[in-house]
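First comes the structure, then the notes that go with it.
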Amino acid sequence: MWILMTKFAKTKQTFMTEIKGKWALVTGASRGIGALAAKFLAERGCNVVLQSRKKSHLDAVLAEVKNMGVEAYSVECQLEDDKDVKRMLKEIDDNGTNIEIVLNNAGIQVTYRAYPEYYNTPAEDFVESLKVNTIAPMIICYHYLPRMIKAGFGRIVNTTSGINLEPEQAAYSASKAGLDKITKDLASKIDGTDVVLSLTDPGWCRTDLGGPNAPNAPESALPGVVLGVFADDKKSGRIISAQDYAGMTLEQALAKLK
């Protein structure tokens, strides 16, 4: 019995990727799910680079993660500006930080256009949504994926949305659908390797983006939104619905992950 239990424990242990001492970039880390995810990683010994529009927005989260004994610093970036995204990435590179984990968490919803207003949805809604929700995370993917492939290890999790059949949120859902497509296409090239690219849907949560009427607390998105970081089964391209793992420990969630 002891031998069987030991083998079982070892199997479970090897299923979880060790992130202690690695560096992660978390976008949209000043509040909500981004802040919670950054602290979740830091609690497990992962060093973090925190992104927000202003460094001052990150002061509280930065202090918390540093108190956990990891290295951390903040960067500011206007994600709707592709040149500023590239500048941020250069800043991180110039600091000598080897990013091995990326959580592309940041996102915007321009507005909610109720019937019949959605028939007048302006092109600008789509342009602004695509800049932040699709183009910025893909610039970050393109920057880090070749390095991860060369090193033989990496984890990128892009945050998507389960919104469907809602023309009221057409620009937001279209930008996330674009992110899904590009992510899956890229993932097909690395599936089966130890560079894992995945998507996560946090569910409708009471964040600044989700609003006060959402049914789920932000905490319910964990550990689901970070499962793509910890899974070591070499599966890329899947969408992980975070609410399927609400209330579970990381170990329980990993055991359930398919």
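Tabulated data
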quantity: Cα-projected label distance for Met16 with Asp232, points at 7 Å along beta-carbon direction, nm; calculated: 1.1
quantity: GNM flexibility winner over the chain from Met148, Met138, Met68 (Cα, springs under 10 Å); calculated: Met68
quantity: Estimated translational D of the chain in µm²/s (Stokes, Kirkwood radius over Cα pairs; 10 °C; 1.306 mPa s); calculated: 85
quantity: Where N is the number of residues in region 119-159, Cα Rg divided by 2.2 N^0.38 Å; calculated: 1.62
quantity: Two-site label geometry, Glu124 and Glu91: point separation in nm, points 7 Å out along Cα→Cβ; calculated: 2.7
quantity: Label-point separation, Lys256 to Asp191 (7 Å along Cα→Cβ), nm; calculated: 2.4
quantity: Kyte-Doolittle mean at least -1.0 and Cα axial length at least 24 Å: DSSP H helices in the chain; calculated: 170-187
quantity: Region 94-151: Cα Rg divided by the 2.2 N^0.38 Å rule of thumb; calculated: 1.61
quantity: Most mobile of Ser56, Ser74, Ser241 in a GNM of the chain (Cα contacts under 10 Å); calculated: Ser56
quantity: Förster radius 22 Å - calculated FRET efficiency between Asp82 and Arg53, Cβ distance, rounded to 0.05; calculated: 0.90
quantity: Most positive-pole-ward Cα, Gly192, Ala174, Leu257, against dipole of region 141-258 from beta carbon charges; calculated: Gly192
quantity: Dipole magnitude of region 62-118, debye to nearest 20 (Cβ charges: Lys/Arg +1, Asp/Glu -1, about Cα centre); calculated: 100
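Coordinate-derived values only; no laboratory data. Here the structure is a predicted model, which is why all the values come from computation and not from measurement. Backbone-built Cβ (ideal geometry, glycine too); neighbour counts: all protein chains shown.
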